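Take a look at the structure below.
The values are calculated or read from the model by the stated rules, or taken from the named source; none is laboratory data. Quick caveat: nothing in here was measured; it's all calculated off a predicted structure. Virtual Cβ from ideal backbone geometry, glycine too; neighbours counted across all protein chains shown.
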Amino acid sequence: MIYVCDMLQIDFPIIQGGMGNISNAQLTAAVSEAGGLGTIGCGTLPPDEVEKIIMETKRLTNRNFAINIAISVSPYVKELIGLVLKHKIPIVSLSAGNPTPYIPVLQENGVTVIALVASVQHARKAEAAGADILVAEGFEAAGINSNLELTTFTLIPQIVKNVTVPVIAAGGIGDGKGLAAALMLGASGVQIGTRLIATKEAPFHDRYKQNLVDASDTETILIGRSIGRLRRILKTPYAMKLKELEESGMSLEQYSELTSELKHIKGAIEGDMENGFINSGQIAGLIENIPSVKELFASLMEEAENQLNRTMQEFKSMLTDKQN
């Protein structure tokens, strides 16, 4: 944990998940200012839009932040790497594709590379390609998801067992107990996304935030399984419409159109839940308030510390009782 914080020059082992086309400087900077690693998700944004977010983020914080490039999603991967080098971004996370071709040029320029993986096989390949850190994401996570459908609880210890680089846990983590559990599984930190949506600095529609606060434990659904393009979203009128359309038969072309970034923006930014969707991980049921990012991180760290101390005390007590 300390090693990852040193590598990334952050105070807490908490990384912001890439949020694609709804990424913004305000939340990215707030995460970094609060002691975590803020992340700009490039999604399908053109390079000039990404550059504007980079410049605004630099205006708002002097602390490290990362750029997430979704390799198979963005049509501008080479241009985005050019922006990383131009603006001397110290950390890049590569997801949704093979990171191998892009790692050498990044590392030659002093960039720390994080690779998102969803299986032991992916993890081994990413480590062999030279990734400095791995983010292992279970299918509890929000948004575009792995078709392998491995849970975080099973995924983390298997990946930790098979690689030597630090592993960050993602998917289904939204409070201090989740952070403590990830560390107990061998992770060096956590990546969170959904929980950061419901914060004061996140410039998303109030309906998005309130839907997360009001959500129950069964409030998310998976769509796209029949097409091999899994996405986890929150139950909304539009989400249920998508589910019905898929059950009646939906082509990949139709699915892509109905789950485009424009539809996500309509839900997340405009608050139109009848004509757009909102991503959400399964931790939505744990969200009860809308704190500042700084307040959230303080709560996460305090709860994790208390939980780890309590667990260790109870475990030691149990061992002592057995020995007597």
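For first residues located in the stretch 133-154 and closer than 26 Å to Ala268 by Cα, partners that are of a type in the set (D, E, K, R) and part of a loop (DSSP other than H, G, I, E, B) and lie 6+ apart or on another chain with Cβ distances below 6 Å form the pairs Phe139/Glu149; Thr152/Glu140.
Residues in the stretch 95-102 include none that are aromatic (Phe, Trp, Tyr) and closer than 20 Å to Thr199 by Cβ. Of the residues contained in the stretch 249-269, one or more are found to be within 22 Å of the chain's Cα centre (by Cα), surrounded by 17 or more Cβ atoms within 10 Å (Cβ to Cβ) and without any contact (Cβ under 8 Å) to a residue 12 or more places away in the chain.
Residues in the stretch 6-50 that are more than 18 Å from Ile71 (Cα to Cα), acidic (Asp, Glu) and out of contact with any Gly (no Cβ under 9 Å at 6 or more places or on another chain): Asp6, Glu33. Taking the criterion of being crowded, with 24+ Cβ neighbours inside 10 Å and among the aliphatic types (A, V, I, L, M), the residues of the stretch 143-157 that qualify are Leu155, Ile156. From the list Thr44, Thr39, the one residue that fits, being modelled with pLDDT under 95 and in contact with a helix residue (DSSP H, G or I) (Cβ under 8 Å, 6 or more places away or on another chain), is Thr44.
Does Leu296 satisfy being assigned to a helix (DSSP H, G or I), of a type outside the set (Phe, Trp, Tyr), closer than 25 Å to Thr151 by Cβ and touching a Gly at 6+ places or on another chain (Cβ under 9 Å)?
In short, no.
Of all residues being closer than 22 Å to Glu33 by Cβ and buried (at least 22 other Cβ atoms within 10 Å of the Cβ) in the stretch 170-181, which is nearest to the chain's Cα centre (by Cα)? Just the residue, please. Only one residue tops the list, namely Ala170. A count restricted to the stretch 117-144 and to residues that are over 11 Å from the mean Cα position of the chain (by Cα), of a type outside the set (D, E, K, R) and not in a strand (DSSP E or B) stands at 12.
Condition check ((1) surrounded by 21 or more Cβ atoms within 10 Å (Cβ to Cβ); (2) small (Gly, Ala, Ser); (3) not assigned by TED's automatic domain parsing to the domain that holds Ser260) across all residues:
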{"site": "Ile14", "(1), (2), (3)": "yes, no, yes"}
{"site": "Met19", "(1), (2), (3)": "yes, no, yes"}
{"site": "Ser23", "(1), (2), (3)": "yes, yes, yes"}
{"site": "Ile40", "(1), (2), (3)": "yes, no, yes"}
{"site": "Thr44", "(1), (2), (3)": "no, no, yes"}
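At least 3 residues being within 15 Å of Phe297 (Cβ to Cβ) is the threshold, and among the strands (runs of 3 or more DSSP E) wholly inside the stretch 1-98 those reaching it are 14-16. Evaluate the following for Ser93: is it of a type outside the set (Phe, Trp, Tyr), touching a residue at least 40 places away in the same chain (Cβ under 8 Å) and under 20 Å from Val117 (Cβ atoms)? So Ser93 fits the description; yes. Met184 meets the conditions (1) surrounded by fewer than 21 Cβ atoms within 10 Å (Cβ to Cβ); (2) closer than 28 Å to Leu94 by Cβ; (3) not assigned by TED's automatic domain parsing to the domain that holds Val117 in every case but one. The failed one is (3).
All of (1) surrounded by 15 or more Cβ atoms within 10 Å (Cβ to Cβ); (2) touching a residue at least 40 places away in the same chain (Cβ under 8 Å) hold for Tyr3 with one exception: (1).
Annotation note: of Ile67, Ile15, Ile10, Ile54, the sole residue that is modelled with pLDDT of 95 or more and over 26 Å from Leu179 (Cβ atoms) is Ile54.
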